[in-house]
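J.: One structure follows; several queries about it will come next.
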Amino acid sequence: MSGFTISGGMAVLPGNPDAVRQDILVSGDVIAKKATGKKRLDATSLIVAPGIIDLGVFATDKPAFRFGGIIRAALMPDQSPVHDDPATIRFAALKGKPDFWVHPLAAATRSLENLKIAEIALMKEAGAVAVSAGRCWIRDSGLMLRLMHYCAALDMPLVIDAEDSSLTGDAVATSGETATRLGLSSAPSVAEALAISRDILLARESGAKVHFRQVTTAKGLQHVRQAKEEGLPVSCGITPAHLLLSDDAVSDYRTFARISPPLRSQEDRAACMAALADGTIDVISSGHSPQGPEAKRLPFAEATPGMAGAETLLALTLNFVRDGAIGLGRLFELLASNPAHILGLNAGELAAGKQADIILIDEDAPWQIDSSKMAALAGNTPFDKLPVQGRVVKMMKGGKVID
């Protein structure tokens with residue numbers, strides 16, 4: 001379909017709080033002001049939206065991404081082998097073809113050992129769109145400042161997982177009533193705010209663009225909010241799990257609810273929902289990190305943290321629209337346009353000149369999340385058996401329909 005019109009649907013357009021009935025014109029691989037062909041794709045009764053851009057996944061899981069309407073995924077560098085040289089970056093970028101786009105993040109340090117800065121400039125030339133230390137926080141402030149100066153000079157965003165490891169250690173839960181009752185090793189939630197505070201100070205000093213991949217506490221969000229008010233180039237994300245669940249979800253030692261960072265208190269969860277509504281949070285991502293039964297069917301403290309989140313991302317976040325917490329336009333800012341802006345991608349919006357990455361959604365289609373039937377590499381989800389609504393019925397990558 002080199003040129004066609006998507007007609008009859010409710011389109012999610014930039015700047016509109018809700019979807020509006022408007023045809024979307026596609027020419028070649030981009031959205032156009034005028035269609036070059038007479039073909040029409042009927043989208044009556046469907047939502048037409050930009051394809052989801054999942055910022056910070058740990059596996060290139062094609063079936064799961066296709067089910068969830070994820071057309072672009074920013075792949076974290078902590079892979080095997082680590083993405084710390086141009087060859088691994090180029091190879092990672094090929095993993096999604098032809099179904100979706102993979103945008104690899106460059107490892108901040110060699111082998112992610114946080115000792116020496118990796119060859120970031122060469123990895124940028126090879127296709128890396130951002131830099132990350134992966135799941136680990138860089139404790140050495142001098143190294144972090146040098147890294148930020150380097151990223152600022154290259155105009156590459158730095159994606160940070162912010163928890164002060166000197167406080168978290170080997171903790172598996174957030175300090176509080178639940179961790180105490182279950183006898184789990186825990187760390188105070190202030191570990192997140194402390195790490196964010198330091199990195200914002202260094203961002204101010206260096207001028208680096210910083211994206212905190214997951215901010216899950218009231219104090220952490222307040223630091224981000226203040227940095228934005230100051231005009232610093234700081235953004236942050238979160239997963240649906242941290243918005244919908246508190247640490248009560250691990251009360252029966254449910255390893256499927258052991259994620260990283262760990263689930264927080266009900267008060268922190270409420271603060272995250274408020275930050276979603278007031279614009280402090282910029283991105284909702286899946287945190288997709290599927291773990292097989294050998295990693296999850298263990299005592300809670302020994303289980304590997306992580307969840308399969310790609311398939312459930314859209315359906316779970318549509319609940320925020322139904323509940324009136326945010327509008328549909330704001331949702332796709334969080335799922336598509338903001339991630340595209342942070343990563344410097346010409347995508348994420350139904351606007352002329354943007355890549356024609358498009359999904360058609362039946363927002364009322366009912367289904368049940370079932371860990372035993374998920375398309376992901378492993379079906380570990382804390383939302384097992386939850387009834388949801390909203391499914392992608394068709395998706396296009398660069399104007400081509402993905403079957």
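J.: Tell me, what HN-Hα J-couplings in whole Hz come from the Karplus equation 6.51 cos²θ - 1.76 cosθ + 1.60 at θ = phi - 60° for each residue of segment 244-253, using x for Gly and Pro?
T.: Taking θ as phi minus 60°, the curve returns 9, 10, 10, 5, 4, 5, 9, 4, 9, 6 Hz for segment 244-253.
J.: Can I ask one more? Can you find, among 162, 150, 136, the residue sitting farthest towards the positive end of the charge dipole of segment 131-172, where Lys and Arg contribute +1 and Asp and Glu -1 at Cβ?
T.: Highest projection toward the positive end goes to 150.
J.: Give, as a single signed number, the net charge of other residues whose beta carbon lies under 13 Å from the beta carbon of residue 115, with Lys and Arg counted +1 and Asp and Glu -1.
T.: Charge balance near residue 115 sits at +1.
J.: Below 13 angstrom from the Cβ of residue 163, what's the summed charge of the other residues (Lys, Arg +1; Asp, Glu -1)?
T.: It works out to a net charge of +1.
J.: Where does each of 242, 149 land when they are ranked from fewest to most other beta-carbon atoms within 10 angstrom?
T.: The most exposed by this proxy come first: 149, 242.
J.: Can I ask one more? How would you rank 143, 158, going from fewest to most other Cβ atoms within 10 Å of each one's own Cβ?
T.: Going from sparsest to densest Cβ surroundings: 143, 158.
J.: Taking one equal scatterer on every alpha-carbon of segment 159-288, how large is log10 of I(q)/I(0) by Debye at q = 0.10, 0.23 1/Å?
T.: The calculated log intensity ratios at q = 0.10, 0.23 Å⁻¹ are -0.29, -1.41.
J.: So what's the convex hull volume per residue for the Cα atoms of segment 167-218, in Å³?
T.: Here the figure is 83 Å³ per residue.
J.: Lys and Arg at +1, Asp and Glu at -1: add these up for the other residues within a Cβ distance under 15 Å of residue 209 and post the number.
T.: -1
J.: Additional query: Normalising by the residue count of segment 262-345, find the relative contact order in percent from Cα pairs under 8 Å and 6+ residues apart.
T.: 31
J.: I need two numbers for segment 195-258: Rg to one decimal and Dmax as a whole number, Cα atoms only, in Å.
T.: Spelled out, the Cα radius of gyration and Dmax of segment 195-258 are 14.5, 45 Å.
J.: Which entries in 124/209; 33/95; 354/400; 228/400 show an alpha-carbon gap greater than 26 Å?
T.: From the list (124/209; 33/95; 354/400; 228/400), the Cα-Cα distance tops 26 Å for 33/95; 228/400.
J.: With contacts defined as alpha carbon pairs under 8 Å and 6 or more residues apart, what's the relative contact order of the chain in percent?
T.: About 19 percent, as a whole number.
J.: Please arrange 61, 403, 278 by how many other C-beta atoms lie within 10 Å of their C-beta, fewest to most.
T.: Listed from fewest to most nearby Cβ atoms, that is 403, 278, 61.
J.: So what's the angle, to the nearest 10 degrees on a 0 to 90 scale, between helix 141-154 and the longest Cα principal axis of the chain?
T.: Its long axis makes an angle of about 20 degrees.
J.: With contacts defined as alpha carbon pairs under 8 Å and 6 or more residues apart, what's the relative contact order of segment 1-136 in percent?
T.: 18
J.: In Å and from the alpha-carbon atoms only, list the Rg and Dmax of the chain.
T.: Cα radius of gyration and Dmax of the chain are 20.3, 65 Å respectively.
J.: Rounded to the nearest 5, what is the percent of antiparallel bridges among the DSSP beta bridges in the chain?
T.: If I count the DSSP bridges inside the chain, around 45 percent turn out antiparallel.
J.: Across segment 163-180, in residue order, what do the Karplus-derived ³J(HN,Hα) couplings come to in whole Hz, using 6.51 cos²θ - 1.76 cosθ + 1.60 with θ = phi - 60° and x for Gly and Pro?
T.: 8, 5, 5, 5, 9, 6, x, 9, 5, 10, 8, 8, 4, x, 4, 5, 4, 5
J.: Still on this structure, please answer the following. With each run of n ≥ 4 DSSP H residues scored as -39500 (n - 2.57), what mean residue ellipticity at 222 nm is computed for the chain after dividing by its residue count and rounding to the nearest 500 deg cm²/dmol?
T.: Helices in the chain give a 222 nm mean residue ellipticity of -8000 deg cm²/dmol.
J.: Quick query: amide H of residue 394 versus all other amide H atoms, modeled in the peptide plane; which residues come in under 5 Å with a sequence gap of 5 or more or a different chain?
T.: Close amide H contacts, sequence-distant or interchain: 360.
Laboratory data are not the source of any read-out in this text; all were calculated from the coordinates shown. Because the structure is a prediction, the values reported are computed rather than measured. All Cβ positions, glycine included, derive from the backbone under ideal geometry; neighbour counts span all protein chains shown.
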